[in-house]
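Here the structure is laid out as structure tokens; the discussion comes afterwards.
The values are calculated or read from the model by the stated rules, or taken from the named source; none is laboratory data. Keep in mind the model is a prediction, meaning the values are calculated, not measured. Glycine also receives a Cβ, built like all others from the backbone with ideal geometry; neighbour counts cover every protein chain displayed. We work out accessible area using only protein heavy atoms, side chains counted, and drop any ligands, DNA or RNA first. Shrake-Rupley method; radii C 1.70, N 1.55, O 1.52, S 1.80 Å.
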Amino acid sequence: MISVDDALTTVLRVAGRLEPVTVPFHEAVGLVLAEDVRAPDPLPPYRASVKDGYAVIASDGPGEYPLITESRAGNDGVDVMVIPGTVAYVTTGGPIPDGADAVVQVEDTEQVNDTSDGLRRVRILGRVSQGLDIRPVGCDIEKDTVVLKSGELVGNSEIGLLATVGATMVKVYPRPTVAVLSTGDELVDPKTKHLNRGQIRDSNCAMLLAAAIQEQCKVVDLGIAHDREEDLERIMDSALSSGVDILLTSGGVSMGDRDFVKPYLGKKGTLHFDRVD
Ligand SMILES: Nc1nc2c(c(=O)[nH]1)N[C@H]1C(S)=C(S)[C@@H](COP(=O)(O)OP(=O)(O)OC[C@H]3O[C@@H](n4cnc5c(N)ncnc54)[C@H](O)[C@@H]3O)O[C@H]1N2
Ligand code: MOO
């Protein structure tokens with residue numbers, strides 16, 4: 001007799017891993033990663049504004065300033081330098097032009113209507129500290145960070161991360177195919193309306209199939225095998241030769257004279273344990 005924990009440890013120790021496959025990342029949902037995934041660049045890749053407002057030099061303080069550029073989300077504002085005494089319009093997520101070291105949100109500013117010198121102007125109403133409302137390069141993800149580890153299950157958040165780091169093809173373990181077979185002369189299909197004496201509906205098969213589906217496996221329903229050695233051997237042989245990765249059987253493993261599963265397994269391979277506490 002061995003404990004359930006020891007049985008599980010043995011199963012996991014002797015079970016082989018399937019060869020990893022490379023799939024488009026959106027097909028990886030529900031699968032387990034077979035490689036670490038790294039960020040090839042930082043996020044954000046540029047200093048980004050947290051607010052819609054004006055990129056300023058914090059030490060300039062409140063006052064009226066000409067607008068030297070408009071940096072909206074996208075690429076505007078590159079190659080422009082905010083110098084003391086100037087500001088740049090920025091939108092949420094947009095790049096902070098070089099030279100600026102803080103953002104003043106629009107709510108703390110006023111448009112100046114006097115554009116007689118051809119420059120749009122803005123009045124900065126409050127003082128801000130350096131770094132305010134700027135997301136530094138890599139504050140979310142540093143370049144070369146492992147964002148996902150081999151062995152992690154890919155769910156919707158992981159898909160978002162894969163997209164973020166541009167990992168459009170990923171190495172994952174394929175779904176194993178699990179075949180489920182119930183054994184026993186007493187078993188009948190769950191659809192059976194009237195049970196004759198000695199019959200019960202097969203519940204293990206449906207339950208094990210559902211468990212395998214929940215674990216993202218592909219499944220094959222082998223139905224019910226009667227307690228005849230030849231039947232059992234034929235069904236199990238054909239399942240194993242059809243390329244299933246895991247064959248789950250229930251019943252037929254105790255000490256009765258019609259318990260043929262264990263002898264079959266002993267003939268075909270190694271029986272690592274036979275009775276569980
Ligand atoms: N002056 C003010 N500015 C902002 C305020 C405010 O009260 N005053 N509120 C901030 C808050 S809170 C939020 S939330 C945002 C909402 O802005 P938007 O709805 O216009 O969102 P975006 O600017 O388009 O994006 C925000 C952020 O997320 C990035 N992003 C957007 N879409 C995607 C995507 N599909 N994949 C990856 N990343 C995405 C985008 O680049 C920005 O960094 O407003 C604040 N501003
Ligand atoms: O207030 Mo914004 O949360 O981050 O929509």
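For the stretch 101-110, the set of residues classified as open to solvent by 30 Å² or more (accessible area, probe 1.4 Å) and either more than 9 Å from ligand 1 (Cβ to nearest atom) or not assigned by TED's automatic domain parsing to the domain that holds Gly126 (or both) consists of Asp101, Glu110, listed by residue number. In this structure, Tyr65 does not qualify as modelled with pLDDT of 95 or more, within 16 Å of ligand 1 (Cβ to nearest atom) and not assigned by TED's automatic domain parsing to the domain that holds Ala28.
Suppose the filter is modelled with pLDDT under 95 and not polar (S, T, N, Q); does Gly94 pass it? Spelling it out, Gly94 is indeed modelled with pLDDT under 95 and not polar (S, T, N, Q).
For the stretch 186-198, the condition of being under 30 Å from Ala28 (Cβ atoms) and surrounded by fewer than 17 Cβ atoms within 10 Å (Cβ to Cβ) holds for none of the residues. From the list Gly198, Gly160, Gly166, the lone residue that is assigned by TED's automatic domain parsing to the domain that holds Glu35, out of contact with any Gly (no Cβ under 6 Å at 6 or more places or on another chain) and assigned to a loop (DSSP other than H, G, I, E, B) is Gly166. Pick from Val14, Val37, Val87, Val82: which is surrounded by 15 or more Cβ atoms within 10 Å (Cβ to Cβ), away from ligand 1 (no atom under 11 Å from the Cβ) and closer than 30 Å to Gln216 by Cβ? On inspection, the qualifying residue turns out to be Val37. For the stretch 15-42, a residue qualifies if it is in contact with a Ser or Thr (Cβ under 8 Å, 6 or more places away or on another chain) and either assigned by TED's automatic domain parsing to the domain that holds Ser71 or outside any strand (DSSP E or B) (or both), and the qualifying residues are Phe25, Ala34, Glu35, Asp36, Ala39.
In summary, Val56 fulfils each of the numbered conditions (1) open to solvent by less than 30 Å² (accessible area, probe 1.4 Å); (2) touching a Ser or Thr at 6+ places or on another chain (Cβ under 8 Å) with the single exception of condition (2). So which residues in the stretch 111-134 are part of a strand (DSSP E or B), touching a Lys or Arg at 6+ places or on another chain (Cβ under 9 Å) and open to solvent by less than 80 Å² (accessible area, probe 1.4 Å), if there are any at all? Within the stretch 111-134, Val112, Ile134 qualify.
When you check Asp98 against the structure, is it over 30 Å from Cys217 (Cα atoms), of a type in the set (Asp, Glu) and away from ligand 1 (no atom under 14 Å from the Cβ), yes or no? In short, yes. All conditions but one from (1) of a type outside the set (A, V, I, L, M, F, W, C); (2) touching a helix residue (DSSP H, G or I) at 6+ places or on another chain (Cβ under 9 Å); (3) closer than 27 Å to Thr164 by Cα; (4) crowded, with 17+ Cβ neighbours inside 10 Å apply to His26; the one that does not is (4).
Take the conditions (1) open to solvent by 50 Å² or more (accessible area, probe 1.4 Å); (2) not in a strand (DSSP E or B); Glu70 misses just one of them, which is (2). Of all residues in the stretch 218-260, those being open to solvent by less than 60 Å² (accessible area, probe 1.4 Å) and over 38 Å from the mean Cα position of the chain (by Cα) number 9. Looking only at residues of the stretch 140-182 that are in contact with a Ser or Thr (Cβ under 6 Å, 6 or more places away or on another chain) and closer than 20 Å to Asp245 by Cβ, we find that the one that is most open to solvent (accessible area, probe 1.4 Å) is Lys171. Annotation: Ser182 fulfils all but one of (1) outside the structural domain of Ala34 (by TED's automatic domain parsing); (2) hydroxyl-bearing (Ser, Thr, Tyr); (3) under 30 Å from Asp144 (Cβ atoms); the unmet one is (3).
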